[in-house]
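Enquirer: One structure, as structure tokens, below. Some questions next.
Please treat every number below as a calculation from the coordinates, not as lab data. Quantities reported herein were computed from a predicted structural model and do not represent experimental measurements. Reconstructed Cβ throughout: ideal geometry from the backbone, glycine too, with neighbour counts over all protein chains shown.
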Amino acid sequence: MLKNSGLGKRILRRTNTFLLTAAVAAATLGGGAVAAPAATTSSVAAPVVVASSAAQLTQAGVVGKMGAPGTGVIDSSNGWVDKTCTVKGGDWVYQGGDSWWYRNSDGSYPSKCVATIKGVKYLFDANGWAASGWGASKKTDKLGNKYWYHFTTNGLSKGWHIEGSARFYLDGGDGHMYVNWNTIGGKSYYFTPGGVMVTGWYKAYPGWYHFGDDGVLTTGWFKSGNAWYYLDPGKGSTNLSGAYKGLMLTGYQTIDGKRYYFDASGKWDPSK
């Protein structure tokens, strides 16, 4: 039976939802009128909820594992997040523990697809359980990166999402995971190809950048230890991608009418 690490309890906030306790659900479903989704077993190649991280994305296997142990994603090689289905009336059913499924008015249930219910998108596994985890779309951005999405039993995730020490940002519109350069609330951030928000020093084309503990791009004068650096504020830059904003400068530079020298590591050398 699919679990969701306690997140499903928050689904109780849904309004106008027919919720069954484990006892009532057992009694109702035991009458034979409506069959609950089949429980997941080791013989069924269905996704499972894991302590997932978009930093370990892969298309191989039901649960892909790369990097840190114990992490993975919902497999989407079968195009789950691209396949949609339509619910037909009905309501949510609580099936013990933290497991949920949606019963249509005709007794059927959505499975292996994404369904929009009362304006919210939910991911359902092959056995009909509301699933939690990461899934990819077949769509790609202009650089060829897949669009990744995160679901809980409360539906499609949006905004900031935290897993351990990693922070991700999921678009407020369609929910896709941010990668590379992005502006959030008027501030610049950088996300790795796996979607993790960058902090501290980070090398990305065409050089080195620094990001605060909050992930915001550092610009202007910056002191690290006993060394001073200058990170291009981007004024007057003609680079359309904005890649030069925040770029660590080296060599001789004129700043506010004064000439400075920064060595190859970006440190200001006041002797020159």
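Enquirer: Extent of the range 136-219 along each principal axis, from alpha carbon coordinates, in Å, largest to smallest?
Expert: So the three principal-axis extents are 38, 26, 24 Å.
Enquirer: Between Val216 and Lys272, what is the label-point separation in nm under the 7 Å Cα-to-beta-carbon projection?
Expert: 3.2 nm
Enquirer: With the cut-off at 1.5 for a/c, could you classify the range 153-272 from its C-alpha gyration tensor as rounded, prolate or oblate?
Expert: It comes out prolate by the Cα gyration axes.
Enquirer: Order these peptides, 205-218, 188-201, by their mean beta-carbon neighbour count within 10 angstrom, highest first.
Expert: Ranked from most to least packed, the peptides come out as 188-201, 205-218.
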